[in-house]
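The values are calculated or read from the model by the stated rules, or taken from the named source; none is laboratory data. Just so you know, these numbers come straight off a predicted model, no measurement behind them. For neighbour counting, all protein chains shown are included, and Cβ atoms are generated from backbone atoms with ideal geometry for every residue, glycine included. Each accessible area value is taken on the protein alone, full model and side chains, heavy atoms only, with ligands, DNA and RNA left out. Shrake-Rupley method; radii C 1.70, N 1.55, O 1.52, S 1.80 Å.
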Amino acid sequence: MDFKLTREPIDNIEADLEIILIVNRDFQTISIKDREILEKVNFKGEQDEVILLAEKNRLYVGVEAIEPMPIRTAVATAIRSLIATKYKSLKIVLESSTTIRAMVEGFILGSYSFNRYKSKQSKLNIKNIIISIGNRNLKEFNSAIKQAKIVAKATNFTRDIVNTTPDDCYPKILANIAKKLAKKNGLECNILKPRDIKRENMNALLSVGRASRHKPRVIHLAHRPKNPIATVSLIGKGLTYDSGGLSLKPSDSMVTMKLDKSGASAVLGIMKSVSEMNLPIEVHGFIGAVENMIGGDAYKPGDVLVAKSGKSIEVRNTDAEGRLVLADTLCYAQQEVKADYIFDLATLTGASVVGVGQYTAAIMGESSRLKDMVVEGANMAGEFVTKLDFNRYLRKTLKSEVADICNISNSRYGGAVTAGLFLEEFIDRENRDKWVHIDIAGPAFVEHVWGENPHGASGFGVRTISRVLEILVRDNQS
Ligand code: BES
Ligand code: ZN
Ligand code: ZN
C-alpha cells in the first residue's frame, strides 16, 4: 500500500474513490455534497458508521472527533468495508496534522485479513492512497508516516503468527520465525533447544512442555544500536497451544487456545518495529515457547518443580502453566541482560478478562512511574490498558504447605493480581521497580471485529510498547 501526500485540492485528485470523514456533531450544520441521499438512508455520521455511494465514488464514514483514536478506527472501518471490492486507489482529506499517523495506521490495520486457511482469498485491491494535506508542510509528515507504516505492519505480522494454528505454529516454528526476522532485520538471535534449556535449569518450563511432541524452545533476540540511551528486556508467553494439561480445559475454552502465544508474537512484532525504526535503545526479546498437552509424560497437579531461580513450586493446577514458563524465562532474561526496563506480555489469566473486559489489558508492578509510562504509550497507540494494584493479603494466598510457593491462589478472587504476584517472586529484588507485567488475555484475541482490530488476533501490545520505547527516546532528548 503506497501513501502519497499532495497539496492539490481533493477535487483535482484522480482516484477511484473518495473517503469523506463526517464529524458526528457537525453533520447537521456543515455543507455535504450528498446530504439528501445521506439523510434518505438515515446516515448520522456516528463513529464508524459507513455508507458507500457507489455511483458517486464516495464513501462516507462517521467520526466522533478529529482526533487520533476516532480517526484510526473510522479509517480502518472504511477500508475494511472495501476488502474484496475492485477499487484500486483512494483519496482523502487530512483534517488535522495531529492525525496523520493515526490515519495511516488505520489504513494498514483495517486492511488486514487472514486468509491462510481459505481456498478463496478475499483481498484488498487498493494499492494507492492519496492524502490531500492542504497547505501544510509536507516534510513534517514524513517521519509520522514512516513510524505508522512500521508499527502497523509489525502489528499485522504479529496477528498472522497468532492466527496460525498450533499444528502449523509450534515452538520450533516460532524459533524459525525469530531466526528469519533476525536475519532480515539485523538482530542478534540465540535459540535454546531442550538440552540447552536443561543446562540452564529451567525445569518449570521444561515440565510444562513434557507431554507435547513439539519440544520447547527459548528464544532470545537483540537489537543493539551504538550508544543506546537505555536497555529494555521484553518477555513473551509463548504457549503455542494451551490444552490446560491434566487440569484439562473445558472444550469450549480450548478452541481459541492458539491465542496463548500472543505475548511471544507481540515480542516478535516489537523486535521487528524497533529494528526498523532503528531506535537508539538496546532491546532484548525473550520468549518461552512451549506446548501444554496431556499424555503419559505430562506434569501433574501435586508435582513440585524447582525453577531456575532455585525456588520450589507446588503445582496444584496444570492450567496455570504460563506463570511457570514465565518464571523461568524471566530469570533467564535477568541473568542474561541487566536491563533498565523489563516488560512481560502474557495471555496469563481468564480472571483479567473477567475483571477488565475483553478489550483492555491489565498492568501490574511496583513502579507507578513505569505503569504510567505504559498507560501513556497505550493512549497514544489507541490501545486500552488499566492498572491493577498488588496487596499483601493477596500475596499470602499463594503460600504452599509443601513448597516455597504454589502456582495457584487459595482464593477464588483476584486471579489476575495473584498471577502477577506469582511472577513478582521471580523478579530479582533490584529489578522490582523496573518491571511491568501486562496481562493481555482479553484484547489479544477477540472473536469479532472491534474498531481497527479484526476478528481473531489483534496484535495487542506491539503498538503500545513501540510507543513506550518512543517515549523513552523523547524523554531522553528533552
Ligand atoms: N492461557 C490461559 C489464560 C487465558 C484464558 C487466556 C482465557 C485467554 C483467554 C491460562 O494459562 C490459564 O488457563 N489460566 C487459568 C489460571 C487458573 C488455573 C488459576 C485461568 O485463567 O483459568
Ligand atoms: Zn492455562
Ligand atoms: Zn495459558
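Structure notes:
- Each DSSP beta bridge with both residues in the range 2-136 is either parallel or antiparallel, and the antiparallel ones are about 15%.
- Relative to the longest principal axis of the Cα atoms of the chain, the long axis of helix 100-110 makes an angle of roughly 70 degrees.
- Here the range 310-366 and the range 404-438 have alpha carbon centers that stand 7 Å from each other.
- Distance from the C-alpha centroid of the range 370-390 to that of the range 123-186: 23 Å, rounded to the whole angstrom.
- Over all projection directions, the Cα-based convex hull of the range 2-136 averages an area of 8.5 nm².
- Relative contact order for the chain: 15 percent, from Cα pairs under 8 Å spaced at least 6 residues apart, divided by residue count.
- Chain lengthening between Val402 and Glu14 when straightened (0.36 nm per residue, less Cα-Cα): 132.3 nm
- Among residues other than Ser265 with Cβ under 12 Å from its Cβ, the summed charge is +3 (Lys and Arg +1, Asp and Glu -1).
- When the residues Lys311, Lys249 are ordered by accessible surface, computed with a 1.4 Å probe over the protein chains alone, the sequence from largest down reads Lys311, Lys249.
- The mean sequence separation of alpha-carbon pairs under 8 Å and at least six residues apart, normalised by the residue count of the range 1-85, gives a relative contact order of 29 percent.
- Computed E for Leu138/Thr386 - FRET, C-beta separation, R0 41 angstrom, nearest 0.05: 0.60
- Other residues whose C-beta falls under 11 angstrom from the C-beta of Arg432 contribute a net charge of -4, scoring Lys and Arg +1 and Asp and Glu -1.
- Extents of the chain, taken as max minus min of Cα coordinates on every principal axis and listed largest first, are 74, 50, 42 Å.
- Put simply, the amide H of Gly456, placed in the peptide plane, has neighbours under 5 Å in Val446, Glu447, His448, leaving out anything fewer than 5 places away on its chain.
- Alpha carbon convex hull of the range 50-127, volume per residue in cubic angstrom: 99 Å³
- Lys/Arg +1, Asp/Glu -1 at C-beta; the range 2-136 dipole; positive extreme among Asn24, Ala54, Ser89: Ser89
- For the chain, share of DSSP beta bridges that run antiparallel, in % to the nearest 5: 35 percent
- 3J(HN,Hα) along the range 203-210: 6, 5, 4, 4, 4, 4, x, 4 Hz, from the Karplus curve 6.51 cos²θ - 1.76 cosθ + 1.60 with θ = phi - 60°, whole Hz, x for Gly and Pro.
- A Cβ-based charge dipole, computed about the Cα centre of the range 113-196 with Lys and Arg at +1 and Asp and Glu at -1, lands at about 280 debye.
- For the range 185-191, 3J(HN,Hα) per residue [Karplus equation, 6.51 cos²θ - 1.76 cosθ + 1.60, θ = phi - 60°, Hz, x = Gly/Pro]: 9, x, 9, 7, 9, 10, 10
- Lys/Arg +1, Asp/Glu -1 at C-beta; the chain dipole; positive extreme among Asn137, Ser275, Val354: Ser275
- Rounded to the nearest Hz, the phi-derived 3J(HN,Hα) couplings of the range 448-464 under the Karplus curve 6.51 cos²θ - 1.76 cosθ + 1.60 (θ = phi - 60°) are 7, 5, 9, x, 7, 9, x, 4, x, 5, 9, x, 3, x, 4, 5, 4, where x marks glycine and proline.
- The long axis of helix 138-163 is offset from the longest Cα principal axis of the chain by roughly 50 degrees.
- Angle in degrees between helix 262-277 and the longest Cα principal axis of the chain, rounded to the nearest 10: 60 degrees
- Computed over neighbours whose Cβ is under 15 Å from that of Tyr87, the net charge equals +3, Lys and Arg +1, Asp and Glu -1.
- Cα-centred dipole magnitude for the chain, charges only on beta-carbon of K, R (+1) and D, E (-1), debye, nearest 20: 1280 debye
- Net length gained if the chain between Lys86 and Ser312 were fully extended (0.36 nm per residue, minus Cα distance): 75.3 nm
- Computed from the C-alpha gyration tensor, the three semi-axes of the ellipsoid equivalent to the range 301-375 are 24, 20, 9 Å, from longest to shortest.
- Label-reachable residues, the range 85-100, where backbone N falls under 19 Å from a point 7 Å from Lys123's Cα toward its Cβ: 85-90
- Stretch gain in nm, segment Arg7-Glu55, where the contour uses 0.36 nm per residue and the Cα spacing is subtracted: 14.6 nm
- Binning the alpha carbon pair distances of the range 157-287 at 10 angstrom intervals from zero yields the distribution 13, 42, 32, 12, 2, 0, expressed in whole percent.
- Computed about its Cα centre, the charge dipole of the range 2-136 is approximately 680 debye, with only Lys, Arg, Asp and Glu carrying charge at their Cβ.
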